[in-house]
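One structure below.
The numbers here are math on the coordinates, done by the rules we state, and not lab data. Everything quoted here is computed from the prediction, not taken from an experiment. Don't worry about glycine lacking a Cβ; one is built from the backbone with ideal geometry, like all the others, and counts go over all protein chains shown.
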Protein chains: 2
Amino acid sequence: MANPTAAMLVIGDEILSGRTRDANMYHLAGELSRLGIDLQEVRVVSDNADAIIAAVKALSGGYTHVFTSGGIGPTHDDITADCIAAAFDTTIDVREDARALLAAHYESRGVEMNAARLRMARIPEGAELIDNPVSVAPGFTLGNVHVMAGVPAVFEAMVASVLPKLTGGAPLLSQTLTVHRPEGEIAGPLAELATDYPDLSIGCYPFQKDGAFGANIVVRGAEGRQINAAMTRLARDLGT
Amino acid sequence: MANPTAAMLVIGDEILSGRTRDANMYHLAGELSRLGIDLQEVRVVSDNADAIIAAVKALSGGYTHVFTSGGIGPTHDDITADCIAAAFDTTIDVREDARALLAAHYESRGVEMNAARLRMARIPEGAELIDNPVSVAPGFTLGNVHVMAGVPAVFEAMVASVLPKLTGGAPLLSQTLTVHRPEGEIAGPLAELATDYPDLSIGCYPFQKDGAFGANIVVRGAEGRQINAAMTRLARDLGT
């Protein structure tokens, strides 16, 4: 059976302006790989309602799961929750269980629960909360869309809350062979290997180090025995 | 006049599988910001022809420029050039000027010009070559799509070849104020500032450091005087 599929939507001007280097995509990609959920597409859009709504609709219809990152904080530029509600054509309002979580948290810290903070209790109708052990304000799952915070520590905690609830597939196994020869020399044997092992994904990722070219050949698949056979042949063909 | 817009398409299983952390998106985003070209969307897709062609068509139709990264090497999984040709409904073949560049390069290094390497001279009809001072094999521009390599050193060199040919806009200026208070406390004054300065983009990027929450408030716009005024008010309102 084919593995479940996934897409990620990163929401935020800070990535597109070059201010911040993405960390959440890298984290989620690794976690999904281990779980056997195939991350097939990532989109990064700005804090623009039309762009967010269009991307949520497109990705939600195309993949088993969608994971979003960013835009659920207390400030004016945090519009993700409203956009998710709009994409699913549902309403959004302060929800009592989310409000109670925040109220208890702020009270224990002697901090005022103001209007801005109350915004973080606004949850679309029909959603399920995602636990946030770092800073309490919850994420949520609506339909097949899992909505999480952008701060990496909080995003990672929410991913850890959500993933155990999902049904994974066959974890993607992989082995890597590093070859200190340019890609152009190994392309022939690699293409033949790819033809002979249609169930494996054989990727060649070139690098340049100390002025010399090399490549990491990554063989991925669901069956360890098949990967072992391909790696043995690869090592023989490339004389490593 | 509004700035030119851009999208980026990152092609490659290595990002989606969590094997590699993206570097090219971060580099391009910074360069475009300086040039006054607004990067508004990024998509990451796997080495799958249908996915690449669909993304190229969608992005090419939606933005002034599209920049792609990855999939133009000599190996079997390098299918970007063929996909670009398909997206533009044009032909692709070995082109003499590209072949000559590669032949001279390999001859000077005493390396064989084999079938795999010749693949890198396959250029869609009507494209213009992009200079590659690092490893010679060229990128190309077809229509509004700039097709570049995925290896960061080569990608960056190609970006440096392409960008001076493009017409930029007003460079996006920005100033950042770091506040060591949680977002929930500063959200009110920030929202008022955003209302009073509709021409500025005011983003709030929370962080967590040594257990305490803080935020970087980034004010972006085309006019330095306006940004200065907003920053002065911000410092006064937030008492920093």
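By how many nm would the segment from A:F207 to A:R181 grow when fully extended, if each residue of separation counts as 0.36 nm and the alpha-carbon distance is taken off? List each step's numbers first, then the result.
Numbers: separation 26, 0.36 × 26 = 9.36 nm, distance 1.00 nm.
Length gained between A:F207 and A:R181: 8.4 nm.
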Set the Förster radius R0 to 56 Å, insert the Cβ-Cβ distance between A:N216 and A:E107 as r into 1/(1 + (r/R0)^6), and round the FRET efficiency to 0.05.
-> 0.60
Mind listing the label-point distances from B:T167 to the same position on all other copies, shortest first, one decimal in nm, points 7 Å along Cα→Cβ?
-> 5.5
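Given a Förster distance of 30 angstrom, what is the FRET efficiency for A:Q226 paired with A:E128, based on the Cβ-Cβ distance and rounded to 0.05? Before the final figure, lay out the partial values.
Numbers: r = 38 Å, r/R0 = 1.28.
That pair, A:Q226 with A:E128, gives E of 0.20.
If you take each beta carbon of peptide A:171-184 and count the beta carbons of other chains within 10 angstrom, what is the mean?
Working: counts 0, 2, 0, 2, 0, 1, 0, 0, 0, 0, 0, 8, 10, 17.
Average per residue, whole number: 3.
As a test of the formula, what do you get for chain B when each DSSP H run with n ≥ 4 contributes -39,500 (n - 2.57) and the sum is divided by the residue count, at 222 nm and rounded to the nearest 500 deg cm²/dmol? Walk me through the numbers on the way to the answer.
Details: 9 runs with 94 residues, N = 240.
Rounded to the nearest 500, the figure is -11500 deg cm²/dmol.
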The stretch B:173-237: percent of C-alpha pairs farther apart than 14 Å?
-> 52
P(r) of the stretch A:26-183 over all Cα-Cα pairs, 5 Å bins starting at 0, rounded to whole percent, reads 2, 8, 17, 20, 19, 13, 8, 5, 3, 2, 1, 1, 0
Distance between the stretch A:158-229 and the stretch B:135-194 - C-alpha centres, whole angstrom = 30
Among the DSSP beta bridges whose two residues both lie in the protein assembly as shown, what percent are antiparallel, rounded to the nearest 5?
-> 65
Which of A:T195, A:T64, A:T141 moves most in a GNM of chain A, Cα contacts under 10 Å?
-> A:T195
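For chain A, what is the percent of antiparallel DSSP beta bridges, rounded to the nearest 5? Provide the component values of the computation, followed by the final result.
On the way: 25 of 41 bridges.
Here the antiparallel bridges make up roughly 60 percent for chain A.
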Length released on extending from A:T167 to A:A2, taking residue separation times 0.36 nm less the Cα-Cα span = 58.2 nm
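So which trypsin sites (Lys or Arg not before Pro) in the stretch B:109-143 are both in a DSSP loop and have at most 12 other Cβ atoms within 10 Å of their Cβ? Kindly include the intermediate steps, with their values, before the conclusion.
Values: sites: B:R109, B:R117, B:R119, B:R122; in loops: B:R109.
Taking the stretch B:109-143 and a limit of 12 other Cβ atoms within 10 Å, the loop trypsin sites (Lys or Arg not before Pro) found are B:R109.
Using a 10 Å Cβ count of at most 16 others and DSSP loop calls, identify the longest part of chain A lacking such GluC sites (Glu not before Pro).
Working: sites that count: A:E112, A:E125, A:E223.
Value returned for the longest uninterrupted segment is A:1-111.
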Quick note on B:V219, A:V44, ordering by fewest other C-beta atoms within 10 Å, gives B:V219, A:V44
Which angle from 0 to 90°, rounded to the nearest 10, does the C-alpha axis of helix B:183-196 make with the longest principal axis of chain B?
-> 80
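Quick check on packing: order B:144-151, A:78-85, B:170-177 by the mean number of other C-beta atoms within 10 Å, highest mean leading. Intermediate values should be presented prior to the final figure.
On the way: B:144-151: 25.0, A:78-85: 22.9, B:170-177: 15.4.
Packing proxy ranking, top to bottom: B:144-151, A:78-85, B:170-177.
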Output the Kirkwood hydrodynamic radius of the stretch B:94-192, Cα pairs only, in Å rounded to one decimal.
-> 16.9
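With only alpha-carbon atoms in the gyration tensor, what are the semi-axes of the equivalent ellipsoid for the protein assembly as shown, in Å, largest first?
Values: eigenvalues 354, 150, 68 Å².
Working from the Cα gyration tensor, I get semi-axes of 42, 27, 18 Å.
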Tell me the label-point distance for the pair B:D93, A:T195, using the 7 Å Cα-to-Cβ offset, in nm and rounded to one decimal.
-> 2.3
Net charge dipole size for chain A [Lys, Arg +1 and Asp, Glu -1 on Cβ; Debye, nearest 20] = 500
